[in-house]
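The values are calculated or read from the model by the stated rules, or taken from the named source; none is laboratory data. Not measured: the values here are computed from a predicted model. Backbone-built Cβ (ideal geometry, glycine too); neighbour counts: all protein chains shown. When the accessible area is computed, the model is the full protein with side chains, heavy atoms only, and any ligands, DNA or RNA have been set aside. Shrake-Rupley method; radii C 1.70, N 1.55, O 1.52, S 1.80 Å.
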Amino acid sequence: MECITTVNNNGIEEQHSDNINAANENNKDRLIEQERRILSGMRPSGKLHLGHLHGVLNTWKSLQQEYRCFFFVADWHALTTNYDYPQAIPEFIDDMTLDWLSIGIDPDISTIFVQSHIKEHAELNLIFSMITPVSWLERNPTYKEQQEELRQKDLATHGFLGYPVLQAADILIYKANKVPVGVDQLPHLELTREIARRFNYLYGETFPIPEPLLAQTPKVPGIDGRKMSKSYGNAIFISDSEEEVVRKVSEMITDTERKRKNDPGDPEKRCIAFNLHKLYIDKDRLCEIVEDCKGAKIGCVQCKRELADAINSFLTPIRERRREIEASKGTIKDILIKGRDVAREFSEATINEVKSALWGV
Ligand code: TRP
Ligand code: SF4
C-alpha cells in the first residue's frame with residue numbers, strides 16, 4: 001500500500017521572483033554585512049487557533065534561533081477595520097501575546113512588543129505617506145477584496161487605504177531584511193519594497209529591500225471542513241481545554257458515505273478529520289488508519305477519539321507553559337515593556353537616520 005507522508009510544519013520557502021533576485025544582487029554586499037533581521041506582526045483579533053499555529057507561528061518559532069527577531073502586535077492596524085469597537089483590542093493584545101508565549105515564542109531571544117508603544121512607526125508612516133502614490137494603494141488587491149468582504153463596515157477611510165504604508169513603516173523602522181508572512185500578505189510586502197526603493201532613490205540609501213519568507217502552510221481544516229477560521233466558528237483554539245478538543249473533534253465531519261462501521265471508508269478523499277490526523281499522528285499509524293478505514297476495521301468514533309488524544313498530547317506542553325505564565329502575575333505586561341524598550345532603541349536610531357537623509361543635516 002502506498003503510504004502518505006506527514007506534512008512538514010516547519011518548512012520555509014523563500015519567495016523569489018525576478019525583481020527580488022535583482023534587488024538581491026544590488027543589495028548583496030550591504031546585506032552580507034548587515035545583521036539578519038526578521039520582523040513580523042499580527043493584528044490582535046482574539047484567541048489564536050491551530051491554523052495559526054501550524055502556519056505562521058511555527059515559522060516564527062523556528063526562525064528565532066537563526067535570526068534577530070522582532071514580533072509585534074499590530075494594534076493600530078486592528079483599528080483600520082475595528083475602529084468602531086476599539087475597547088476589545090487591549091484584551092486581544094494580552095490573549096494573543098499569551099498564545100505566542102505558550103507555543104514557544106521566547107522573549108529571552110526575540111523582541112516582543114506592541115506597535116502603538118513605539119511612536120516611530122507612526123512618524124515613519126507619515127513620512128512614507130508623503131512619497132507613496134495613491135495609485136499604488138488603490139491597486140492593492142486586499143483593499144478592494146476586504147471592502148467587499150466587510151461590506152457592513154465603511155472602509156473607505158484614509159487609514160484603511162494607507163494600511164500598507166503603515167506596514168512598510170513597521171518593517172523598515174527595524175530595517176528588517178526578511179518578513180515571514182502568508183501568501184495573502186505578498187502584495188503588501190511588494191509595496192514595502194517599492195516604498196523603500198523610492199525613499200532610497202529620493203533621499204539616499206537608507207533602507208534594505210526586505211524579502212518575504214513564505215511559510216509552507218499545511219491545510220488545516222476547521223471542524224466543518226472549511227478553512228479553520230475564528231469567524232467561521234469552526235476553530236480549535238490553542239487555549240482550548242482537553243474537553244473542548246474532544247468535543248470539537250467528535251463533531252468533525254468524517255466520510256459521510258460511511259454510515260456504519262462495516263462500510264469501507266475513504267479517508268484521503270472523503271474524510272475531513274483525516275486531514276488533521278496527518279498533522280498529529282505519526283506516519284506508521286497513519287498508514288494503519290488508512291488501511292483499517294478502507295477495510296472497515298475501525299469506526300469513526302474510535303478514530304476521532306484517537307485524534308483528539310493526539311491533539312491533546314501535542315497541546316499538553318503548551319498548556320503547561322500557559323499555566324506557568326498565567327501564574328506569574330505581571331509577566332505579559334513586563335515582557336511587553338521590555339520589548340518596547342529594546343524595540344525603541346532600534347526605531348529611534350532609524351528615525352534619526354531618516355531625518356538626516358530627509359533634511360540633509
Ligand atoms: N498585515 C498583517 C496581517 O494582517 C499584520 C502586519 C502589520 C504585519 N504590519 C506587519 C505583518 C509587518 C508583517 C510585517 O497579518
Ligand atoms: Fe475518517 Fe477515521 Fe472515520 Fe476513516 S475511520 S472516515 S479516517 S474518522
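Below is a table of values for the structure above.
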read-out: Low-density loop positions, GluC sites (Glu not before Pro), the range 92-171 - DSSP coil, at most 11 other Cβ in 10 Å; value: none
read-out: Heavy-atom accessible surface of the chain: percent carbon and sulfur, 1.4 Å; value: 50
read-out: Percent antiparallel among DSSP beta bridges (both partners in the chain, rounded to 5); value: 25
read-out: 222 nm mean residue ellipticity, helices alone, for the chain (DSSP H n ≥ 4; -39,500 (n - 2.57); rounded to 500); value: -17000 deg cm²/dmol
read-out: FRET efficiency, 1/(1 + (r/R0)^6) with R0 25 Å, evaluated for Asp184 and Arg319 via beta carbons; value: 0.25
read-out: Where the range 227-300 is the region considered: accessible area per residue in Å², 1.4 Å probe; value: 53
read-out: Rg/Rh for the range 230-301, where both radii come from Cα atoms and Rh is the Kirkwood radius; value: 0.99
read-out: Cβ-defined net charge surrounding Lys297, 12 Å radius [Lys, Arg +1; Asp, Glu -1]; value: -2
read-out: The chain: angle of helix 163-172 to the longest principal axis, Cα-based, in degrees nearest 10; value: 80
read-out: Solvent-accessible surface (1.4 angstrom probe) belonging to Arg323, in square angstrom, nearest 10; value: 140
read-out: Kirkwood hydrodynamic radius over Cα pairs of the chain, then Stokes diffusion coefficient at 37 °C and 0.692 mPa s, in µm²/s; value: 147
read-out: Mean Cα-pair separation over length for the chain, i.e. relative contact order, pairs under 8 Å, 6 or more apart, %; value: 24
read-out: Reachable aspartates and glutamates from Lys269, criterion Cα separation under 16 angstrom, eight or more residues apart if same chain; value: Glu2, Asp224, Asp255, Glu257, Glu291, Asp292
read-out: Approximate spin-label separation Arg260-Asp224, in nm, with each point projected 7 Å along Cα-to-Cβ; value: 3.2
read-out: Estimated inter-spin distance, Asp154 and Glu353, nm [label 7 Å along Cα→Cβ]; value: 4.1
read-out: Cβ-defined net charge surrounding Asp106, 11 Å radius [Lys, Arg +1; Asp, Glu -1]; value: +1
read-out: Theoretical gain in end-to-end length, Glu91 to Arg139 [0.36 nm per residue, Cα-Cα removed]; value: 13.9 nm
read-out: The range 242-324, relative contact order [Cα under 8 Å, separation at least 6], %; value: 35
read-out: Sites Cys287 and Thr331 - FRET efficiency at Förster radius 41 Å, r taken between beta-carbons, to 0.05; value: 0.45
read-out: Charge context of Thr256, other residues only, Cβ under 12 angstrom, K/R +1, D/E -1; value: 0
